[in-house]
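K.L.:
Okay, here's the structure, questions in a sec.
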Amino acid sequence: MLSFNVAQLEKGLVGATRDYQIDDSLTVEGVSVNVKGEIKFTRTPRSVLVKADFKTILPQECCRCLDEYQCPLEVRFEEEYLPTLDVTSGLPLDIEEAAENFTIDEHHILDLSDALRQYIILSQPMKPLCRADCPGINTKQ
């Protein structure tokens, strides 16, 4: 599950943390992939800071031989999630940067799916190779 209720963390002291181990699936560019890793949530004065370290395997097409292979990826990121409601009063918060950042929804749910999907896409190799010594397309029959 890549969605977390962070209401108690938001009510906590600045610097409070929560650690989680993740083993879940996620759809990336139409393909379901398994993601395993660790996340750490840290309460800051205005947000929840997420530090994530994940591993996954994504099907890729080799740029030399055009065969499909399973490409292991390591994904690390830090992102700030801004609350949209005050956790105590329930009133909407007027945060100008909310449109440009990841947010915590009105039910105090922090959803990592979109950030993780974006970072997996960014982590893909520009020229995927099935192996370093791939000879390329074999034209001899």
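Rule-based calculations on the coordinates, nothing more; no lab input. What you see is a predicted model, and the numbers here were worked out from it, not measured in a lab. No Cβ is skipped: glycine too gets one built from the backbone with ideal geometry, and neighbour counts run over all protein chains shown.
K.L.:
Charges on Cβ only, +1 for Lys and Arg, -1 for Asp and Glu, centred on the Cα centroid of the chain; of 16, 122, 112, which one is farthest towards the dipole's positive end?
P.N.:
122
K.L.:
In nm, to one decimal, how far is the modelled label at residue 70 from the one at residue 109, with both set 7 Å along Cα→Cβ?
P.N.:
Going from the residue 70 label point to the residue 109 one covers 3.1 nm.
K.L.:
What are the ³J(HN,Hα) values, in whole Hz, obtained from phi via the Karplus relation 6.51 cos²θ - 1.76 cosθ + 1.60 with θ = phi - 60°, for each residue of segment 3-10 in sequence order, with x given for Gly and Pro?
P.N.:
10, 9, 7, 10, 4, 5, 5, 5
K.L.:
³J(HN,Hα) across segment 45-60 via Karplus (A = 6.51, B = -1.76, C = 1.60, θ = phi - 60°), whole Hz, x for Gly/Pro?
P.N.:
For segment 45-60, the Karplus-derived couplings read x, 10, 7, 10, 8, 10, 10, 10, 9, 10, 10, 8, 10, 10, x, 9 Hz, x marking Gly and Pro.
K.L.:
Can you tell me the 0 to 90 degree angle between the C-alpha axis of helix 113-123 and the longest principal axis of the chain, rounded to 10?
P.N.:
40 degrees
K.L.:
Let me ask another. How much of the DSSP beta bridge set in segment 3-123 is antiparallel, as a percent to the nearest 5? Let's see the in-between values first.
P.N.:
Details: 39 of 42 bridges.
So the antiparallel bridges in segment 3-123 amount to around 95 percent.
K.L.:
Once phi is turned into θ = phi - 60°, what whole-Hz ³J(HN,Hα) does the Karplus curve with 6.51, -1.76 and 1.60 give for every residue of segment 19-34, x standing for Gly and Pro?
P.N.:
10, 9, 9, 10, 9, 8, 10, 8, 8, 10, 6, x, 10, 7, 10, 8
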